[in-house]
1. Charges at C-beta only: +1 for Lys and Arg, -1 for Asp and Glu. How large is the resulting dipole of the chain about its Cα centre, in Debye rounded to 20?
2. What order do F73, F32 take when sorted by accessible area (1.4 Å probe), most exposed first?
3. Would you mind checking the tilt of helix 97-111 against the longest principal axis of the Cα atoms of the chain, expressed as 0 to 90 degrees and rounded to 10?
4. With a point put 7 Å past each Cα toward its Cβ, work out how far A65 is from L84 in nm, to one decimal.
5. Tell me the net charge near D43. Cut-off is 15 Å between Cβ atoms, D43 excluded, with +1 for each Lys or Arg and -1 for each Asp or Glu.
6. Could you give the accessible area per residue of region 53-115, probe 1.4 Å, as a whole number in Å²?
7. Any idea what the relative contact order of the chain is, in percent, if you count C-alpha pairs under 8 Å spaced at least 6 apart?
8. Using a 1.4 Å probe over the heavy atoms of the protein chains, calculate the carbon and sulfur portion of the accessible area of the chain as a whole percent.
Amino acid sequence: MSAARMRRVDEAMRQVLGDALAQELKDPRIGFVTVTDVKTSPDLRHARVYVSVLGSETDQDATLAGLQSAHGFLQGRVASELRLKRTPELQFELDHTAERAARLEALLKQEAPPA
């Protein structure tokens, strides 16, 4: 599959999953979650879904557990919304990009010489 097509598939899956998480899931374990990125394997058998979760580490773990238990429903939503040869198996992972950016910014502020 071409790189451009893979990007379109990843973006479409991110949109479908984000909408489903925001509007349709009612699991109390799932807190404030944002789908930040989706990386699909070239054969469309697996998709790694990166999520950002607001809250403590226990909130993040509970949200990941809730997402994992709802993965069948979410996979069905992807199958019904997107016309793909195969529906990828979803694997959820925490995205720590925002935390790293905040830590880097704090380090830069510490090391910056006074102006």
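1. On the way: 16 positive and 17 negative charges, 120 e Å.
Approximately 580 debye in magnitude.
2. Details: F73 95, F32 140 Å².
Result of the area sort, largest leading: F32, F73.
3. 10
4. 2.8
5. On the way: positive: R5, K39, R45, R48, K85, R86; negative: D10, E89.
It works out to a net charge of +4.
6. On the way: 4510 Å² over 63 residues.
I get 72 Å² per residue for this part.
7. 27
8. Numbers: 3980 of 7570 Å².
Solvent-exposed carbon and sulfur of the chain make up 53 percent of the total.
The values are calculated or read from the model by the stated rules, or taken from the named source; none is laboratory data. Values in this document were obtained by computation on a predicted structure and should not be read as measured data. Neighbour counts are summed over all protein chains in view; Cβ atoms, including those assigned to glycine, are modelled from backbone coordinates with ideal geometry. Keep in mind that these areas ignore ligands, DNA and RNA; they rest on the heavy atoms of the full protein, side chains included. Shrake-Rupley method; radii C 1.70, N 1.55, O 1.52, S 1.80 Å.
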